[in-house]
Amino acid sequence: MTTMTATKTAAKSNTSALVGFIFAAVIGMGIVTVAGHVQADTLHDAAHDVRHATGFPCH
Amino acid sequence: MFAKIGTSALFAGFAAGLIAAVLQLIFVQPVLLHAELYEAGELVHFGGTLNAVEQELPGFDAMRDGLSVLFTALIYTGYAFMLVGAMALASDRGHAVTARNGIIWGIAGYIAFHFAPAVSLPPELPGVAAADVVDRQIWWFGTVISAAIAMALIGFGSGWAAWGVAAVLLLAPHVIGAPQPEYFAGPVPPELGGEFAGRALGVGLASWAILGCFAGFFWSRAEAEG
């Protein structure tokens, strides 16, 4: 019984860590995409120097 | 779980981003401003006269450089979310994460997000000849994602199969090849282009190492608090 509960808890923590990672990765990639890659004029002009300095394709 | 990841990522990303912004303004921005003199036609390379290496460059511009600081902090916060998310997953699987080994995490992130794409699409000065931006972005994202998976396989995989797949993932984008322009048309001296790429890559490495250290520090602290 104890083993079963332990296994269940471990499984739950594994899933929540995986969900946490996926969620964080999507948010992080979203921020990098909007700030570094979206070609809308205002965004492009504001982030221009940073995009070049960070090695993102800019123009 | 997610609150801890988010808090650590915000602190680490913003702090490292501010340092990255200062390093970029000191070391990278002057090269970019110098190149813009050629892009705008104020100076002409091989235009009949030789141009001095020392040129009068515009100074600090509150609006332009302020926006650069803001966007650098934002981009490093984005990196931090991915890095801390991966750290959370690793520490859940029993790998200790600290500020010290966070530096290695940071260097692995640098290889994935900065160095791997730069091998075939080096950081470019304004005005250089380049292929269509959407094509380059698609190649950039593909290269970054495959290099990130390769870093995870090298860090946590065991055995030749994992390392072999990692090597293939690292090499494939460069064997396929990045989109290239049809003609060379850049007006900027190659010396400036080389200096810009070197500076951008150097500042990127320093900034990512600092980001990894901060991310490891804030994550291990958040985790210890439970």
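Details
- Being of a type in the set (Asp, Glu), surrounded by fewer than 19 Cβ atoms within 10 Å (Cβ to Cβ) and over 17 Å from residue A:48 (Cβ atoms) is a property that does not hold for residue B:39.
- Filtering segment A:41-59 to residues that are assigned to a helix (DSSP H, G or I) and either of a type in the set (D, E, K, R) or open to solvent by 30 Å² or more (accessible area, probe 1.4 Å) (or both) leaves A:41, A:42, A:43, A:45, A:49, A:51.
- Within the set B:182, B:195, B:191, the sole residue that is under 27 Å from residue B:46 (Cβ atoms), open to solvent by 80 Å² or more (accessible area, probe 1.4 Å) and in a helix (DSSP H, G or I) turns out to be B:191.
- Residue B:87 being in contact with a Gly (Cβ under 8 Å, 6 or more places away or on another chain) and hydrophobic (A, V, I, L, M, F, W, C): yes
- Of the set (1) modelled with pLDDT under 95; (2) more than 16 Å from the chain's Cα centre (by Cα), all apply to residue B:125 but (2).
- Reported count of residues in segment B:101-114, each being under 22 Å from residue A:17 (Cβ atoms) and not aromatic (Phe, Trp, Tyr), is 7.
- Residue pairs whose Cβ atoms lie under 7 Å apart, sitting 6 or more positions apart in sequence or on different chains, and linking a residue in segment B:80-104 that is of a type in the set (Phe, Trp, Tyr) to a partner that is open to solvent by 20 Å² or more (accessible area, probe 1.4 Å), are B:81/A:27; B:81/A:31.
- Residue within segment B:218-225 that is surrounded by fewer than 13 Cβ atoms within 10 Å (Cβ to Cβ), outside any helix (DSSP H, G or I), without any contact (Cβ under 8 Å) to a residue 12 or more places away in the chain and on the phi < 0 side of the Ramachandran plot present: no
- Which numbered condition residue A:11 fails, given (1) modelled with pLDDT under 95; (2) at the interface with chain B (Cβ under 8 Å from one of its Cβ atoms); (3) in a helix (DSSP H, G or I): (2)
- Search result, residues across segment B:127-137 that are farther than 25 Å from residue B:37 by Cα and touching a residue at least 40 places away in the same chain (Cβ under 8 Å): B:135, B:136
- Subset tally (residues that are farther than 25 Å from residue B:186 by Cβ, outside any helix (DSSP H, G or I) and not hydroxyl-bearing (Ser, Thr, Tyr)) for segment B:130-169: 2
- Scanning segment B:92-128 for residues being farther than 16 Å from residue B:214 by Cα and among the small types (Gly, Ala, Ser) gives a total of 6.
- Filter result (more than 14 Å from every other protein chain (Cβ to nearest Cβ) and either surrounded by 10 or more Cβ atoms within 10 Å (Cβ to Cβ) or aliphatic (A, V, I, L, M) (or both)) within segment B:42-68: B:42, B:43, B:44, B:45, B:47, B:50, B:51, B:52, B:53, B:55
- Criterion violated by residue B:144 - all others in (1) under 26 Å from residue B:31 (Cβ atoms); (2) modelled with pLDDT of 95 or more; (3) open to solvent by 80 Å² or more (accessible area, probe 1.4 Å) satisfied: (3)
- Condition met for residue B:176 (under 27 Å from residue A:21 (Cβ atoms) and open to solvent by 30 Å² or more (accessible area, probe 1.4 Å)): no
The values are calculated or read from the model by the stated rules, or taken from the named source; none is laboratory data. Please read all numbers here as calculations on a predicted model, not as lab measurements. Cβ sites come from the backbone with ideal geometry, for glycine too, and all protein chains shown count toward neighbours. The area values use the complete protein model at the heavy-atom level, side chains included, leaving out ligands, DNA and RNA. Shrake-Rupley method; radii C 1.70, N 1.55, O 1.52, S 1.80 Å.
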